[in-house]
Amino acid sequence: MKSLLEILNFVKTKKVLNFETASPVHPNQRGIPVPTKQMSSGCGSCNLCEVNCPTKAIERKGDSEFLVDYGKCLQCGDCVEICPDAKLTNSGFIYVFSLHREEFYTSYKNGILQTSLHKSIPLTANQERFRKLTHKRGFLYREVAAGGNNTVESELNASFNSVFDSEREGIRCVASPKHADAIVFSGPVSENMAAPLETAWNVMSEPKALIACGTEAVSGGLFPQCNLPKEPDLYISGDPPRPDVILQAFRLLLGRFSFQFQEALHKFLESEK
Ligand code: SF4
Ligand code: SF4
């Protein structure tokens, strides 16, 4: 019986995530908040979303401009719940990652996403060198929990299971930063973790990449952020980001996945009209 089950396991369709067909929108996730059609006539002046956002990710300018820093957004849904006129909705859009922090600064005018950041921002010299080294073989990373709450670590653990299977991309976790190509850090970088993070970074050889994983690592989230060793090479927002989001972001850094946050968000919002 046991060997029959083993044979069946060989022939059964595997439930491994297909990166090529995976969607930036997840039906069961809140994702980031976006304006609804009701915002086309302006926003009103209640300001409840801005005042109640726990990370101050929202800024309103007059009646028509609505700015969101998705690098600060926890995807908690509070702004959607508190809006009295249903002018915001949870989009389910979860691919909130970028090679450049400024891509998360998003501006809507009368509910329409302003598209100034659609054009491609060039890679930094470090991102280019890292991509050249790791594009084919993948990379090894050392994880540094820099004052977070372990949720990012849980999702990183899950990224190695048989559904997400990080190792098929050649992406593995190692114990020592001396053996790593990249540092993946989580948490807002507390005072006590700033120095260990810097030490881990300094012992690595070039080229190397710094990856901010989770909203707290990107912006501090609910907390002030201490100094980082350098500007991260990859930002993955979400509190915490799902394993598929983390792996697609890693693939972006490797140059195996073509993606621009604002461009993809714009396409999604157009398709929802
Ligand atoms: S953190 Fe919460 S309240 Fe603030 S913008 Fe994001 S979903 Fe809305
Ligand atoms: S809570 Fe709703 S109506 Fe009030 S300012 Fe925010 S989006 Fe506009």
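The values are calculated or read from the model by the stated rules, or taken from the named source; none is laboratory data. If you're wondering where the values come from, they're calculated on a predicted model, not measured in any experiment. Please note: Cβ atoms are built from the backbone with ideal geometry, for glycine as well, and neighbour counts cover all protein chains shown.
Here is a list: ILE94, ILE58. Which entry is of a type in the set (A, V, I, L, M, F, W, C) and away from ligand 2 (no atom under 14 Å from the Cβ)?
Testing whether each residue is of a type in the set (A, V, I, L, M, F, W, C) and away from ligand 2 (no atom under 14 Å from the Cβ) leaves just ILE94.
Identify the residue in the stretch 25-45 that is in contact with a strand residue (DSSP E or B) (Cβ under 6 Å, 6 or more places away or on another chain) and under 20 Å from PRO243 (Cα atoms) and, among all such residues, is farthest from ligand 2 (Cβ to nearest atom).
Restricting to residues being in contact with a strand residue (DSSP E or B) (Cβ under 6 Å, 6 or more places away or on another chain) and under 20 Å from PRO243 (Cα atoms), the top hit is VAL25.
Hey, can you tell me all the residues within the stretch 63-72 that are touching a helix residue (DSSP H, G or I) at 6+ places or on another chain (Cβ under 8 Å) and either within 14 Å of ligand 2 (Cβ to nearest atom) or over 27 Å from ALA22 (Cα atoms) (or both)?
Correct list: PHE66 only.
Taking the stated definitions as given, is VAL16 surrounded by fewer than 14 Cβ atoms within 10 Å (Cβ to Cβ), within 16 Å of ligand 1 (Cβ to nearest atom) and aliphatic (A, V, I, L, M)?
Here the answer is no, as VAL16 does not meet what is asked.
Among the residues of the stretch 46-55, write down those that are more than 7 Å from ligand 2 (Cβ to nearest atom) and part of a loop (DSSP other than H, G, I, E, B).
Hits for the stretch 46-55 are CYS53, PRO54, THR55.
In the list LYS72, LYS61, which residue meets the criterion of being basic (Lys, Arg), in the same structural domain as TYR108 (by TED's automatic domain parsing), farther than 22 Å from CYS213 by Cα and out of contact with any Phe, Trp or Tyr (no Cβ under 7 Å at 6 or more places or on another chain)?
LYS61
Tell me which residues, restricted to the stretch 60-85, are near ligand 1 (Cβ under 10 Å from one of its atoms) and assigned to a strand (DSSP E or B).
Those that are near ligand 1 (Cβ under 10 Å from one of its atoms) and assigned to a strand (DSSP E or B): VAL68, ASP69.
From the list PHE185, PHE160, pick out the single residue that is closer than 19 Å to ALA212 by Cα, surrounded by fewer than 20 Cβ atoms within 10 Å (Cβ to Cβ), in contact with a strand residue (DSSP E or B) (Cβ under 9 Å, 6 or more places away or on another chain) and assigned by TED's automatic domain parsing to the domain that holds GLY221.
Unique residue meeting the criteria: PHE160.
Only residues that are more than 9 Å from ligand 1 (Cβ to nearest atom) and among the polar types (S, T, N, Q): list them for the stretch 38-59, please.
GLN38, SER40, SER41, SER45, ASN47 - these are the residues of the stretch 38-59 that are more than 9 Å from ligand 1 (Cβ to nearest atom) and among the polar types (S, T, N, Q).
For PHE104, which of the numbered conditions (1) touching a residue at least 40 places away in the same chain (Cβ under 8 Å); (2) more than 13 Å from ligand 1 (Cβ to nearest atom) fails to hold?
(2)
Are any residues in the stretch 86-98 within 14 Å of ligand 1 (Cβ to nearest atom) and among the aromatic types (Phe, Trp, Tyr), and if so, which ones?
The one that is within 14 Å of ligand 1 (Cβ to nearest atom) and among the aromatic types (Phe, Trp, Tyr): PHE93.
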